[in-house]
């Protein structure tokens, strides 16, 4: 009996020694790796976003590219939408720009979940990045244009906040005119002019002034930077060109209805040369003129000298220029004999 009990005990010990637990591996303890958001292409050649087996953005885009330096936003676009064309400016020779149309490519911004971060399809877009505390590039702001409007969004806590919206608008001007505005791209916002429902000037001008009910002055170029920049046209009330000989034209009106006008050309200093009726480049000078752009005598100042700027005061024209040594010269020119009714 004792031998039988000992045999049973030995068998039990043998069986317990033969049972082995599966080894605990590092792989079985770790969490499943998180899937990354990736761009995929459909059979139709369109692109979307997918994460694991979850489709975040349906394949409706012509391409999707990650934004540089950031793994949160995607920079994507869908081409040929909203009628398929977009307005743009092209050089129009002596008389400013022409407005034309070209095929449209509009851009959508998607977040990491494939959702648009703003509900706008941009014709042009640009990001600005900065380095965060971890030396990682993150979006600081982005700006874009859509249908004539300029947008600027700042990134606050990872969310876009509209900081500026300009461009396509209208504002009342003198004599019943309405000045219009349109942003063709990130660098060109141009103005036009309407009277009632009639378009007098398309959105091609950098600046518009209306000195009289039947006279309009429009500028091309950054005239606010320097007197040598830009050129102008003097138009009648219907938008017809009266003269295009000058870089600047200004009128000052007085309470009794009289006025004085001056025209300026930069001559060899001009960034936008102007030409007379014979096609010859205008020499530098300042002339008193009437409202038809007719010069009242000879030039009263030679702008071929080192000229700085001028002021159009109540009683006189003051011109500030410099000699070869950089010394300022102040020249005062009276309006006497040049005031017209």
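The values are calculated or read from the model by the stated rules, or taken from the named source; none is laboratory data. What you see is a predicted model, and the numbers here were worked out from it, not measured in a lab. Reconstructed Cβ throughout: ideal geometry from the backbone, glycine too, with neighbour counts over all protein chains shown.
Computed quantities for the displayed model
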| item | result |
| --- | --- |
| Check on residue 236, assigned by TED's automatic domain parsing to the domain that holds residue 329, without any contact (Cβ under 8 Å) to a residue 24 or more places away in the chain and over 28 Å from residue 178 (Cα atoms) | no |
| Residue count for the range 291-311, restricted to those that are at pLDDT 90 or above and part of a strand (DSSP E or B) | 3 |
| Check on residue 283, assigned by TED's automatic domain parsing to the domain that holds residue 216, surrounded by fewer than 17 Cβ atoms within 10 Å (Cβ to Cβ), in contact with a helix residue (DSSP H, G or I) (Cβ under 6 Å, 6 or more places away or on another chain) and within 29 Å of residue 204 (Cβ to Cβ) | yes |
| Per-region count, the range 309-341, residues within 40 Å of the chain's Cα centre (by Cα) and surrounded by 14 or more Cβ atoms within 10 Å (Cβ to Cβ) | 8 |
| Filter result for the condition that a residue is more than 21 Å from the chain's Cα centre (by Cα), closer than 30 Å to residue 246 by Cβ and surrounded by fewer than 19 Cβ atoms within 10 Å (Cβ to Cβ), over 137, 195 | 195 |
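Yes or no, residue by residue, for (1) at pLDDT 85 or above; (2) not in a loop (DSSP other than H, G, I, E, B):
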{"site": "7", "(1), (2)": "no, yes"}
{"site": "10", "(1), (2)": "no, yes"}
{"site": "31", "(1), (2)": "no, no"}
{"site": "68", "(1), (2)": "no, no"}
{"site": "78", "(1), (2)": "no, yes"}
{"site": "94", "(1), (2)": "no, no"}
{"site": "99", "(1), (2)": "yes, yes"}
